[in-house]
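Remarks on the structure that follows.
What follows is calculated from the coordinates using simple rules that are stated; it is not laboratory data. Bear in mind that the values here come from a model prediction, so they are computed numbers and not experimental data. Cβ placement follows ideal geometry from the backbone for every residue including glycine, while neighbour counts extend to all protein chains displayed.
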Amino acid sequence: MSLSVLLAAGSTPSPSPSTSTDPTVATLQDAQESATNAASWVQQNWSTWLAIGLRVLLILVIAAVLRVAVRRAITKFIERMNRTAQAVDGTALGGLLVNVERRRQRSQAIGSVLRSVASFLIMGTAALMILATFEINLAPLLASAGVAGVAIGFGARNLVTDFLSGVFMILEDQYGVGDTIDAGVASGEVIEVGLRVTKLRGDNGEIWYVRNGEVKRIGNLSQGWATAGVDVTVRASEDLDRVQSVLNEVAEGMSKEEPWNERLWGPIEVLGLDSVLLDSMVVRVSAKTMPGKALSVERELRWRIKRAFDAADIRIVGGPVPEPEEDPAPDPTETVAAPSAHANPTSPQTTAASPIASPTAPSSAPK
């Protein structure tokens, strides 16, 4: 082979695709390789992702349907409670039960608590199930939630105490709207019952906001039944049989008239002598009434007893009657002047007050 041939062959080398330096060709190749890898990865894992997506969708659908069903069931239960209260309101049986407003507020509070608890439990469980579907370790999350719950519990323990106390007060029906209660820290008529605070209206019209967690004892004066008691004070000389007869007539007449026959849950009883004094005696009259109606029954009973005693000429006294004081007889010595020491001429006072006599001059005539 000649030198010219070798030089010619060396000057015109054949191109090789592996030694190409064109950036456009390299970018297209990389993109083609990435697309191929992605398609291969999707082809290998599409069934797993589809199963995870379907599982998450199924969990959400079941949670939503269950939440709606539970909330609707709670709402229907509350509406049924309200309809039962409205059906008996205004009747004799209604007095044995709580009034409509009290039942309505109590049922609404219970319904709100139940709906919130149901929603929290259902949606919280669904969220944990979704995280478990993605194979996320829930142990650190649950541990962090426990620590956060303990910290919040210590920081807001008063708020938690008020809330839990309010829940149990409502569930146990310790009191309701319209009741007169003695909560220890305040007393009055309940105008609103909340999960954290109870509002009371005092005797002078003031409104007390009482935290449920501060209530250690509750005296409900409006639950069940009330007692109307009247003390009648008469003279000790009155005939007891006659007094008892008049009181029985008043009780019988009041028990047969409207609306007292609905407010009285038992006969008006003359209990007898409550106390006996030297000039008076107290007769006790009592009756069982509807809750919150004892004061009106007592007023009407006093009115009727006073009119009946006036007609029977029986005197009602409020205690020992003081006897009128008599004017004392005039003292005859009041017009006589007190004796004076100057009236006695030999008294030292008279002597001291007498003028001093002038001395007599001696005679000096010469003999």
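Taking a straight line from the alpha carbon of Lys256, these lysines sit under 16 Å away, with near neighbours fewer than eight places off in the same chain left out: Lys288.
Remark: the Phe120-Asp313 segment gains 62.2 nm on full extension, using 0.36 nm per residue and subtracting the alpha carbon distance.
Loop-located GluC sites (Glu not before Pro) in region 141-210 (DSSP state other than H, G, I, E, B) with a sparse environment of at most 16 neighbouring Cβ atoms within 10 Å: Glu172, Glu206.
In terms of its Cα atoms, region 245-322 spans 42, 24, 19 Å along the principal axes, sorted from long to short.
In region 177-280, the C-alpha radius of gyration followed by the widest Cα-Cα span (Dmax) gives 20.0, 59 angstrom. In straight-distance terms, cross-link reach from Lys199 covers every one of the lysines whose alpha-carbon lies under 24 Å from its own, apart from those fewer than eight places away in the same chain; here that gives Lys216, Lys293.
The stretch between Asn261 and Arg55, if pulled fully straight at 0.36 nm per residue, gains 67.5 nm over its current Cα-Cα span.
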